[in-house]
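In what follows, a single structure is set out as structure tokens and then discussed.
The values are calculated or read from the model by the stated rules, or taken from the named source; none is laboratory data. In this text the structure is predicted, and so the values were computed from the model without any measurement. Every residue, glycine as well, gets a Cβ built from its backbone with ideal geometry; the counts of neighbours run over all protein chains shown. The protein model used for the area step is the full one, side chains on, heavy atoms only, and it has no ligands, DNA or RNA in it. Shrake-Rupley method; radii C 1.70, N 1.55, O 1.52, S 1.80 Å.
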Amino acid sequence: MNWLTCLLFSCFLLLVASGADANNAVPCSFPEKCSCELRNAGTKLWCKGMQNCFSQAGMDALGASMNPVSCPVKMVTLSCNRESVWPIVEITSELFRHEQWRRLEELYIGTSCKFVFREKRVLSNLPNLKSFSLRNNDLSANLGEFSEIFCCPKGLSEILIDSLGAEQMGTRFGQRSFLKLNALKKFTVIRSPKLFDRLEFVLNTSSPAFSFHWHGKLPHSNKEFSNLLFTNLASRSSLELLISDGATQLELDSPAQLSGFDFTRLDIQNTRLSRIGDAPFRNFTLKDISITAAGLNEIMLPQLLRAIAKVKNPLAVRTLALEFNYKKRGFPYDEFNALCKALPLLRRLSLSHSSVSFGQSEQYFDCPQLFLLSITNCNLQDEDIPPRAFDKLTRLENIRLINNQLSRVPKDLLRNLSQITYLDLSHNRQLKLKASSFRGILPSLQTLRLTQTGYTEPLTDAFVDQSNLTELHLNKLVELRSTRCPFRKTWFKNCSKLKTLNLAGDHFLNYGECHGGDFFDPLTSLESLSISSCDFGHQSDGTIKALLSKLSTLKTLMASGNQLARLEFFLNRKFENLNLLDVSWNSFSSIPVDLIATTTPALRNLELMEVPLANIDPKTFDKLPKLRLRLGRNQFRCACNLLPFADWLREQWPVYQLESKGDWLLNAICYTASNSTKRVIDFRLSWWDCYSRRLIFILSASIGGLLILFILTALLLRYRWKLRYTILAFGIRNGIVNRKQQNEWTYDACFIYDETDSSVSEWAGDLVLKLETDLRLRLYEAERDAPVGSNMLDEAASAIDKSRHAVLVLSRGFLENRLNLYSAQWSSESLFMRRRSLAVLVMREKLSESELRFPECKVLHRLYRMCKRDRIVDCSGCGVGSNSANRLGLLLYDGADVSGRSQERRAQESETESDGAEAAGTKSLLSDD
């Protein structure tokens, strides 16, 4: 059992470690000197500083950084900095020796370098390479041995040569330059005519289809179509040929020399045809023919149409795209009708940038086999399409009249084409749509495009007769005449099958006062809605809320560029089936935590590009594990509160990489305090970085608070008697405190002091007056209250018996006065024997305990020792308003508890004093005196 336990524990540790590795997966990190960045969902790496990295160590470091788990790069572009002097770089196979290079599928070399290829098989360490490109650089290589030099990835199928210059001008591509590229599917040449003497190539490709694309000036020896030579020594392949010259003229004199190929597609762009032979296509089974910007006039167009009609297999031609320029507007009915008879299976005809008019003749366009007719950029006007022009196009289902000059929908023409399922009238900016424009026509229509057209009135029930409509594009409509509330009533009556609706750029949706709540009511099957750039963001409870409340079947909702200030104004209901939501280019700065999960539980893609979000709480997406975010150019701040979101992005990174959506997260950047940028997924801070300032602030505030509390406490302790005295005096003066009079005592206190000392006498008189005024005390002062001529000893004894307190103001003169000592003795007797008066000693002068031990002062010494500290008040040198004087006043006020003790504690102390006095023997004390 022990070994089984160990095994299970080991498996658990491995699972934990693997989970930790997955959670801690980080994006790619490349050598800084190479200036690399990721593109195309994180699968394409572009390094633009390779002048520093084209070395063995640099290429090994770059290869090591392409980890297949965290950085599954498949495409790499290696180029030099344009601002640097073009370095000379020799490319060898050893540069790609690192094992991570073996996974590479596409390699682009360029720009701004001079590359030297001396050895052969430089790509031998890239066995999975499928595409190879050389761009914008000078090349030093023997181009006659091109296939030997760039040999031999077995799957290399695409080669691109773009704007190359050759240092050794004696080297050219020859017939056998591509002989060993057995999987070649596509070879493209762009603006590199000096590398070719002739377009003559012998290939040995086993690919079922091969494409040759030439962009730029043709070699001088290839101005005739017949001089093109392509030979395939392997199995027969189909050939697609594209020629885009723009500088020279091409002669379609006689068939090109093709061997081992089935010529299926010809595309001639931006190339003027100087001559057209009788049958330049007679040897070819062409399927698609496109000849545009060729300068076809009234003479050459018929020649070209006759040449096309003589293809080897007329039944194979499916698509024909032409551009011609007649001096007089019209249409060559005879030539096109003859062509249609010669090509019985022609399905798609496209005419562009041509002076076409079908209204100049009583003839008909007789081409019943056509499925698609496109007339684009031809300045077609209303009178150029008579009602019966297309009557014989009985199989026509797709018609495109794009970017012309139509001012109205050609209803009479379309009424005769009831089989039409696709109609595109986009970019006819003069087109004036009305509610009746489509009434009574096109019952089979499924797709209608009216982009960038205009309307002069609300299109109420405009599509009521198109009950089969599934896709409708009304984006960027122009209001040609001011209409109030154009969508007060629905436009979509009887459109229950509509699945896609595009209203992007239609500003009438921002009319908050219209509130057309039933505008979308008939769209019970709508799955995709685009309302981008409609500027309805200012509405908090207006039109858009009412419109969207009825769309329960939506799967895709595009709402970017609407200046939405709060997302909850837009997501006001639950969209059960919504999979994609685009709210990019809006102005909301936060997302409520539960909003996305509660309103869009099935959401899979959320696009938040150009939204000024400062932070996102990862808990927002806890309930949506399959959700994918697309971020970029937001306003994230590189602060501590962003760390949870950054950690969440790092956790999601491997999944996004597997789904080729890595750039959706990599485009998220945050701004530091210095306004520099950093990718959020790379943003990290330590605990100290986050909490040091907060901790220092808390400690500083705590210390400061404690210091202030200490100072306040010290002040309160120092001036507590003054404060309490002031509060009590205020309460008495304003009737807040009412003192209960005690009938047992005539006086609250009897003051006894040395009357011979004028300073003491004056101070005592002022104090008595202050206490009587402030605290309403009843005080006895012999100098003031004793009857004239009375016995001072008897009067003092009587005053002490009638007073609750006996206040003895001690000074050195007091100790020398027999009358004062007698008063002290009588106070002692009242305190210990009769338990009446309570003695209070006020030290007016500093007296040591030794000064009270003289035989004459024995009573005072014992009284001093028996009194508690709260009944000895030090008033030496203080005034009548001092803290000590205030303490004395509180002590005399109805037995105030100035020490803070409770009444029970004070009673207990009185009993203790009494017991101590009895134990000492009060009678002996008096007898001694």
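On the accessible surface of region 642-781, probed at 1.4 Å, how many percent belong to carbon and sulfur atoms?
About 60 percent, which is the carbon plus sulfur part of the accessible surface.
For Ala701 paired with Arg39, estimate the spin-label separation in nm (one decimal), with each label point 7 Å from Cα along the Cα-to-Cβ line.
5.0 nm
Give a residue-ordered list of calculated ³J(HN,Hα) values for region 210-225 (Karplus: 6.51 cos²θ - 1.76 cosθ + 1.60, θ = phi - 60°; whole Hz; x for Gly, Pro).
10, 10, 10, 10, 10, 10, x, 5, 6, x, 4, 7, 10, 6, 9, 4
If you look at just the Cα atoms of region 632-772, how large are its Rg and its Dmax in Å?
So, for region 632-772, Rg and Dmax equal 36.0, 109 Å respectively.
By how many nm would the segment from Arg97 to Leu345 lengthen if fully extended, with 0.36 nm per residue of separation less the alpha-carbon distance?
The Arg97-Leu345 span can extend by a further 83.9 nm.
Using a 1.4 Å probe and ignoring any ligands, DNA or RNA, find the accessible area of Arg97 and quote it in Å² to the nearest 10.
Solvent-accessible area, nearest 10 Å²: 130 Å².
Going by average Cβ neighbours within 10 Å, how do the peptides 490-497, 664-671, 116-123 rank, with the highest at the top?
Working: 490-497: 18.6, 664-671: 21.8, 116-123: 16.6.
Highest-to-lowest ranking by the protection proxy: 664-671, 490-497, 116-123.
For a 31 Å ceiling on Cα separation, which of these pairs sit above it: Lys802/Lys846; Lys44/Lys499; Lys287/Lys411? Mind showing how you got there, number by number?
Numbers: Lys802/Lys846 29 Å; Lys44/Lys499 35 Å; Lys287/Lys411 34 Å.
Check vs 31 Å cut-off fails for Lys44/Lys499; Lys287/Lys411.
Quick check: residue separation of Cys690 and Glu659 times 0.36 nm, minus the Cα distance between them. What number comes out in nm?
Going from the current span to full extension adds 7.8 nm.
Quick one: which of Lys74/Lys194; Lys497/Lys574; Lys341/Lys432; Lys48/Lys623 span more than 30 angstrom between C-alpha atoms?
Lys74/Lys194; Lys341/Lys432; Lys48/Lys623
With a ≥ b ≥ c taken as the square roots of the eigenvalues of the C-alpha gyration tensor of region 90-220, please select rounded if a/c is under 1.5 and otherwise prolate if a/b is larger than b/c or oblate if it is not?
The shape class here is oblate.
Using θ = phi - 60° and the Karplus relation 6.51 cos²θ - 1.76 cosθ + 1.60, list the HN-Hα couplings for region 188-204 in order, rounded to whole Hz, with x at every Gly or Pro.
Here the 3J(HN,Hα) series is 10, 10, 10, 6, 9, x, 6, 8, 10, 8, 8, 8, 10, 9, 10, 10, 9 Hz.
Please give the per residue accessible area of region 555-698, computed with a probe of 1.4 Å over protein heavy atoms only, in Å².
Result: 47 Å² per residue.
Only Cα pairs under 8 Å and at least 6 apart count here; give the relative contact order of region 576-720 as a rounded whole percent.
Contact order relative to length: 18 percent.
Taking R0 as 41 Å, what FRET efficiency do you get between Asp518 and Thr677 from their Cβ-Cβ distance, rounded to the nearest 0.05?
0.30
May I ask you to compute the full-extension gain from Asn283 to Ala234, defined as 0.36 nm times their residue separation minus their alpha-carbon distance, rounded to one decimal in nm?
In short, 15.6 nm is gained.
Measuring from label point to label point, each 7 Å out along Cα→Cβ, what is the Thr248 to Arg429 span in nm?
Going by the 7 Å Cα→Cβ label model, 3.9 nm.
Would you please classify the overall shape of region 128-284 from the alpha carbon gyration tensor, given that a ≥ b ≥ c denote the square roots of the eigenvalues, rounded means a/c under 1.5, and beyond that prolate means a/b larger than b/c while oblate covers the rest? Mind showing how you got there, number by number?
Details: a/c = 1.92, a/b = 1.23, b/c = 1.55.
It comes out oblate by the Cα gyration axes.
Which shape class, rounded, prolate or oblate, goes with region 555-698 when its Cα gyration tensor gives a ≥ b ≥ c as root eigenvalues, a/c under 1.5 marks rounded, and past that a/b bigger than b/c marks prolate?
prolate
Starting from the 7 Å offset along Cα-to-Cβ, what nm value, one decimal, do you get for the label separation of Ser759 and Ile299?
Each label point lies 7 Å from its Cα, and together they span 14.0 nm.
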